[in-house]
Amino acid sequence: QVQLVESGGGLVQAGGSLRLSCVASGRTSRRYAMGWFRQPPGKEREFVSDISWSGFSTRYADSVKGRFTISRDNAKKTIYLQMNSLKPEDTAVYYCAAAFNGPLSTVNVVDYWGQGTQVTVSS
């Protein structure tokens, strides 16, 4: 089992920034892709970004390209999501995810989820 714990969510004004972190623990000896999904109020969970085990490959949803940056530090078993130029439509619960058979294209390939962290962007 792998446990994922997110942090860094909160309330921010439009145009502001937040950085989310996700720390993995447990049976982390296997290589796995990691990433972020989000679930806006009343909507389905959607892909935001993912990063390969090596960190060389990253992908972003069109809605966040140019504003969000994903990174990982395998020594710390941690991934980050730097979110800049936040918009009210970025308001959602953000979930960290891990998959042994990446990339994290859909929720169906995710092996482990974090508990989620709320991000609220006010206008």
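The values are calculated or read from the model by the stated rules, or taken from the named source; none is laboratory data. From a predicted model like this one, the values you see are computed outputs, not experimental measurements. Backbone-built Cβ (ideal geometry, glycine too); neighbour counts: all protein chains shown. Remember, those area values only see protein heavy atoms, side chains included, never the ligands or the DNA or RNA. Shrake-Rupley method; radii C 1.70, N 1.55, O 1.52, S 1.80 Å.
Here are some notes:
- Residue satisfying all of: in the stretch 1-20; within 14 Å of the chain's Cα centre (by Cα) and open to solvent by 20 Å² or more (accessible area, probe 1.4 Å); farthest from Ser123 (Cα to Cα) among these: Val5
- Meets criteria (in contact with a Lys or Arg (Cβ under 8 Å, 6 or more places away or on another chain), open to solvent by 60 Å² or more (accessible area, probe 1.4 Å), not in a loop (DSSP other than H, G, I, E, B) and not hydroxyl-bearing (Ser, Thr, Tyr)) for Val23: yes
- Among the residues of the stretch 58-103, those identified as more than 16 Å from Ser21 (Cα to Cα) and modelled with pLDDT under 95 are Ala99, Phe100, Asn101, Gly102, Pro103.
- Any pair with Cβ under 7 angstrom, 6 or more apart, that starts in the stretch 1-19 at a residue that is touching a residue at least 40 places away in the same chain (Cβ under 8 Å) and over 10 Å from Gly116 (Cα atoms) and ends at one that is assigned to a loop (DSSP other than H, G, I, E, B) and among the β-branched types (Val, Ile, Thr): Val2/Thr28
- Only residues that are within 21 Å of Gln3 (Cβ to Cβ) and under 11 Å from the mean Cα position of the chain (by Cα) were counted in the stretch 40-71, giving 6.
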